[in-house]
Structures are given as structure tokens and as C-alpha cells.
Amino acid sequence: MKLFSFVILFLMCNMAGWGQILTPTDDGYIYLGGNNINNNYGFETELKTCYSFNKQYNQRTYIRFKWHATTDYFSSAKFRIYGQSDSLKIVEVYSATGNWQEASLKGTAGAKPSLSTYLGAFEINHHPGYKEVDITDYINYLNINKINEISIVLADREHQHASVEARFHSKENKSQYTPRLELFTKENKSKGFIPQTYYVDSEKGNDNKDGKSPGTAWKSLEKAGTVFYKGGDQLLFKKGCRFQGSLFVKYLPVNTENLVISSYGSGENPILDAEGKEICVLKLFNTPFVEVKNLEITHNSNIIPVIRRGIYYLAEDFGIVRHVKFDSLVVRNIVGNPGKDDADMLAKSNAGIFSEITGNNIPTYFDGYYLENCYFYKVGRHGAANQSSWQNRSLTENINWVPSKNLRIRKNVFEETASDGLIVRVANKPLMEHNLFKRCSIQLSGNASFSYNCDSALWQFNEACYTVYNTGDHDAAGFDSDYKSKHTIFQYNYAHHNEYGDMLITGGPASSKGFNDGTIVRYNVFYNNAHHGIRVSGLATNTQIYNNICYNDEYTVTPSEPFEEYPGFRIFYHKNWGGWPQNTSYIHNIYHYTNKDSGINELNEEFSKGTVFKSNTVFGKNILDYPPDLFLNKKDPLLYFPLPESVKDTKNK
């Protein structure tokens, strides 16, 4: 029989206060994919969670409680659930928004509520028993806002081992161990939410203290993860200290002030090291108005799992996510499984910083996302990358394309990344400037940086060098205007000694509904990059390439591994990828080519229609053919690039 709201199993009353133990009004679990996604499991005696890399086996549990409206301040609020699992794992606890009923709960879009706030986590194993999460601050936040119900969601933390279910007693279970929300109060006045500064000191701290001064600092990341932070709070780690573990931040959206996670004291920045024991060092979920700065993030471990990230920012069905900033961070030794090819999207979520927007109920995007002054070293698969589920569009129609705005990536260094150093996706007018990309893609195919599915992306004053060619690569250049993009601009950039081309402009294949319209490449210097110059590939239209310098001499970089195609150097290169580039213009560029290899013009003009050359300078030796430019200048442009002796000696360093 269905239990109705406000069922109180146990009521404690005394002169000091009162308490109540509530059972759910609704509960059930869902599958997030596969054949069971349309099934309802709202009246089962068990609730389940499971995480699998194969999403058809993913399960989540949903539980709703209601309590009597009150103006009292709860001194204690604990969620408790009885269950077990065949192996040790971690189950995360979230709140959710949106109306739902256990009779109609399903995994399909619109049939399940959206995750709202991270509330905590607990470990579960083969020993059955109650698991507990303290959610006092969150319940008081709801109460202050005159909300007297909560939907709680259980979801397995992403794991590296085989999928294992956790099983919990539901409200329909005939045992006495049903889910519970235990509330207790001794006060009748809210304490409010006053900004606090918390200190953490791994050497002299004590987790039993309040953490509100350097002298009463906490000791561990575990303790720092028990508090609900809010705008105006600061969480500061002592410089010179190393902190083992991970921090999954709990956040209350009580205002629009910034939550700052940073350092204090003197000396080297504090090191947060997950030691390979979690998928990430720092996780932020639905946390607007946050700044993370002046920390070193690392993940030292000899084990290479399927998923590993330094910082993982996740927003799901949140709406507008304002002011997320990562500043002056060192992110090193974040080594995850790089995957085997470009289609491996799971592997491509491995990064030093990975920011992801998911969900399909509420259009969600960043408005103010900043990545500045950070150093990424030996990370994989990528240095920094973002992704969004709100990405579907064609050249002429935005179907559910919801781009992020005010995205700024400045003054960062990306060095020795397994694949691409930086990926920017699903954004309107993102700005990438003054970044250095050095020796990227040291393990598998990838350009040093690219933007995908963006409008009016602006790349300027960046340097990309020594990108590594691996056998079978199709990408190992400095920059890439990737497909599903419009009006991308590359200007005032410097790409040199990359092992597979100056840069790439691609519209992608027709099979992916690809397009790339109106890319502009201007005022850039391309110096001693190998194999080819600027490559235009696939369904790229209306590309403009003008006022660039492309310079190759006897010190053109040689590849780390032998090229599999073409003995000569393609000065001009149009390539088929499920379609040919159309309407590409080359105007007022200078091509200085004195390399010993043959210079080749491979424009494929019979397929790549509308190609225009005007007033270009093409000078050099061993040039087999020239572009069809009526105003072509073959005179020496008198360019000179003095080369450091170290580069002359090693060529590839």
C-alpha cells in the first residue's frame, strides 16, 4: 500500500525540542539507457544504483520526503538508507528538482527530475546496514526558502572496475529498514548563512577543530568535504603542504558572491594529490560563482584507469552557470587512458581540467568561464577540454544548440599532453589568447588546440610548437578550426616546428552533418612546420586565408615517426573528407619555401570549386608547380628567421 506524505515513524518530544523520522512518499529507480530506459521501477521492494561504461546498465535511485512546514532551525538532518553491494564502492547523494511520481518515473527525458545539488557520499560493501549522510545545512536552506520537501538521488560514483549493483530497501520492503529522513531541532530561530573562511593544514591541522582560523585549521581533504560551502566562503589550503585524497565540493546557492578555493601562507603552492584513488582530485557540481586558484593539482599513480581528471566541473540541467574561474593552477601528472582513436569520447573526457554540461531538461550553459595563468604538464588525454549535451545543430538550424558565453582562455601553458592540449566546444565568441602549446600529442593523433561547434571563436597571440606526429596520425599541427563551426578567426598566432602541418581548417564529413563556414586565417606566422602548409579539408566553405607568412627552410622539423603518405611538402593542400572544400580564398600571403623536399601544389581544383588566389608571393626552390594566381610574385621576400643553435642541432626539440 502506498505510503502518503508526512508519515512519522517516530516522534521525540521534550522541553528542549522535537524530532521526527520520515519515510518516503515516493521512491523508485531507473535505467539511464538501454532497453530498460522506458520501464518503471517505482513499486519494487529494492532500489538500485549502478555505474557502467556501457550506459545501458546505469541505474539511479530517486526518493522523496516531505515534512511539516516549520520556521524552526533544524540542528540535525540525516538521510539514512539500508543496503549492501557485492563489492566496495562509493554511492553519491544528490538533491533533485522537478515534479515526479513513482508511478511514472523512467529514465527517458522529462520522466525523471534533474540533479540539483551534491549532498555527499557513502561507502557500501557486502555487509548490509544503514548508510548515513548529514544534510542539515541543505535542509535548512530549503526550509528558509519555504520548501518542505526534498527529492534525493543516489548515483554510483564513476568507477574503474566491473559494474556492480548496490541494492537498497525501498518503502515497499516489508522489513523495518526503509529509507529515512531524520530531523531534530532544539532551536526555533535560523542562524542564517554567514560567510566563513576555512583553513586546512596537513601538518599541524586537526579535523576535530572548527577550521575557522590558521590556529584551528582542519587537517584533511576528507574533513573539507563535509561542509556545505556558499558564496562568500573561502576554503584555503596552507602553502608548502601536500594533501592526499579528493575533494568533492558541496555548495549551497544562497547568494551570488564568489566561493574561493585557494591557498594561504608562504612558500610553494599546496599540492592536492588524489594518488590514483579517485577519478578526479577536485569535483564541482552545479557550482556557479566559484574561483579555484593558487593550487597544484596532481594524480600520482602508476595505474592508468579508464577515467582520470585533475579537476572535473559538471553542470546538469542548471540553466545559466555564471562565473567559473580557474586561475594560476599547476596541473600535472594526470594520466588517464588516452584511448585508441578520435571517436573514443569516453577517453576524450580525460583531461587536466574537464568541464562538462549534461542533461536534457533545462538548457544549460556557462556565462563567464575563465581559464587563466595555468600550467598543464604531462596530462592526458587532454590538457583542458569542455563538452555539452546541448550541441545539436546544422549549418542552417540550431536544433538544441545552447552555446556558452564569455568563455576566456588566456596565458596558459600546455606541455606534453597525450593528445590535444586544448579543446573548446559549443561556445559563442570564445576568446583564446596568449597561450603556449608545446610538445602536445606525444602519444596519439591530435592538433595542439582546436575549437569545435563554435560561433565566432577568436584565437590570437598564441604559440604552438613541436606537436608530435605518431604513425597513422591525421592531425599533428598547431591549430585547428574544427567542424560544425562558423566565423572562426585565427590571427596573430605563431605556429612553428609542428610535425604535421601549419594548421587545419575542416568542415568534417557529410556523414556527421559537418560544416565549417567563414573561417578567417590572417596575420599569422607559420615557421618550419612539416609535411604541409595550411590544410583545408572536408566540407569547409568560404574560408579566407590572407596576410600570413609561411616559411620553410632547411631546418623544417622532421617527424618523430616516418610519414605514411607523400614524399613531398604540400605548400597548398585541399583534401577530401566526405566532401571537398569550396570557395577558399588565398590573398596577400607570403610563402618562402627553400626546403630540400619538393614543394607541391595539391589543390584538387576539379573538386574543390571556387578556389581563388590573388597577389600572393611564392618564393623558393624545388617548387614543382604554382597556384593559379594572376598577380603571383615569385621574387625573394627577403625574410630571415634567425634560428637558435639548440634548434639547429636537434631540429625536433
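Values in this text are rule-based calculations from the coordinates and carry no lab data. Here the structure is a predicted model, which is why all the values come from computation and not from measurement. Counting neighbours? That spans all protein chains shown, and the Cβs are built from the backbone with ideal geometry, glycine included.
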Seminar exercise, completed: Here the gain from full extension of Asn206 to Gln544, 0.36 nm per residue of separation minus their alpha-carbon distance, amounts to 115.5 nm
Problem set entry | Separation in nanometres of the label points that stand 7 Å from Cα toward Cβ, at Gln460 and Asp342 | 2.8 nm
Seminar exercise, completed: Plugging the Cβ-Cβ distance of Ser615 and Glu433 into 1/(1 + (r/R0)^6) at R0 = 30 Å yields, to the nearest 0.05, a FRET efficiency of 0.55
Exercise. Which of Lys112/Lys484; Lys209/Lys230; Lys219/Lys250; Lys55/Lys78 have a Cα-Cα distance over 23 Å?
Worked result: Lys112/Lys484; Lys55/Lys78
For this session: Kindly flag which residue pairs out of Lys66/Lys238; Lys486/Lys614; Lys340/Lys575 have an alpha-carbon separation exceeding 32 Å in this structure.
Result: Lys66/Lys238
For this session: May I ask for the net charge around Lys48, where only other residues with Cβ less than 13 Å from the Cβ of Lys48 are counted and Lys, Arg are +1 while Asp, Glu are -1?
Result: -3
For this session: State, to one decimal in nm, how far the label point of Asp367 lies from the label point of Gln101, with both points 7 Å from Cα in the Cβ direction.
Result: 3.5 nm
Problem set entry | Normalised contact order of the chain, rounded percent, pairs of Cα under 8 Å and 6 or more residues apart | 6 percent
Exercise. Sorted by average packing, counted as other Cβ atoms within 10 angstrom per residue and highest first, what order do 519-530, 198-209 take?
Worked result: 519-530, 198-209
Exercise. Just how far, in whole angstrom, is region 542-596 from region 39-64 if you go by their alpha carbon centroids?
Worked result: 53 Å
For this session: Go through region 287-388 and name the trypsin sites (Lys or Arg not before Pro) that are in a DSSP coil and have 10 or fewer other Cβ atoms within 10 Å of their Cβ.
Result: Lys340
Exercise. Say a paramagnetic label sat at a point 7 Å from the Cα of Lys55, along Cα to Cβ; which residues of region 506-526 have their backbone N under 12 Å from it?
Worked result: none
Seminar exercise, completed: Between Ser456 and residues 5 or more places away or on another chain, the pairs with built amide H atoms under 5 Å apart involve Lys429, Lys486, His487, Thr488
For this session: Using the number of other C-beta atoms within 10 angstrom as an exposure proxy, rank Phe285, Phe184 with the fewest first.
Result: Phe184, Phe285
Exercise. What ³J(HN,Hα) values, in whole Hz, does the Karplus curve 6.51 cos²θ - 1.76 cosθ + 1.60 give for region 217-231 when θ = phi - 60°, with x put for Gly and Pro?
Worked result: 5, 6, 10, 10, 5, 4, 5, 4, x, 8, 9, 8, 8, 8, x
Exercise. Sorted by mean Cβ packing within 10 Å, highest first, what order do the peptides 126-136, 443-453 take?
Worked result: 443-453, 126-136
For this session: Among the aspartates and glutamates, select those whose C-alpha is under 19 Å from the C-alpha of Lys621, and discard any that sit fewer than 8 residues away in the same chain.
Result: Asp553, Glu554, Asp597, Glu602, Asp629, Asp636
For this session: Show me 382-388, 62-68 ranked by packing, highest mean number of other Cβ atoms within 10 Å first.
Result: 382-388, 62-68
Problem set entry | For Asn498, distant residues with modelled amide H under 5 Å away | Tyr466, Thr467, Asn529, Ala530
Seminar exercise, completed: Along region 235-240, Karplus-curve 3J(HN,Hα) (6.51, -1.76, 1.60; θ = phi - 60°) to the nearest Hz, with x for Gly and Pro, reads 10, 10, 9, 5, 5, x
Exercise. Using modelled backbone amide H atoms (1.01 Å from N, in-plane), which distant-in-sequence or interchain residues come within less than 5 Å of Tyr229's amide H?
Worked result: Lys250, Tyr251, Leu252
Exercise. Taking a temperature of 20 °C and a viscosity of 1.002 mPa s, what whole-number D in µm²/s does Stokes-Einstein yield for region 224-370 with Rh from Kirkwood over alpha carbon pairs?
Worked result: 135 µm²/s
Problem set entry | Dipole moment magnitude, nearest 20 debye, the chain about Cα centre, only Lys, Arg, Asp, Glu C-beta charged | 1380 debye
Seminar exercise, completed: Summed over the other residues with a beta carbon less than 14 angstrom from that of Thr216, with K and R at +1 and D and E at -1, the charge totals +3
Exercise. Taking the alpha-carbon centroid of each part, what is the distance from region 392-440 to region 84-125 in angstrom?
Worked result: 31 Å
For this session: Would you calculate, for the chain, the mean residue ellipticity at 222 nm contributed by helices, counting each DSSP H stretch of 4 or more residues as -39,500 (n - 2.57) and dividing by all residues, to the nearest 500?
Result: -500 deg cm²/dmol
For this session: Would you work out which of Asn447, Ser419, Leu407 lies farthest towards the positive end of the dipole of region 385-527? Charges go on Cβ: Lys and Arg +1, Asp and Glu -1.
Result: Leu407
Seminar exercise, completed: Along region 510-519, Karplus-curve 3J(HN,Hα) (6.51, -1.76, 1.60; θ = phi - 60°) to the nearest Hz, with x for Gly and Pro, reads 5, 4, 9, 6, x, 6, 7, 10, x, 5
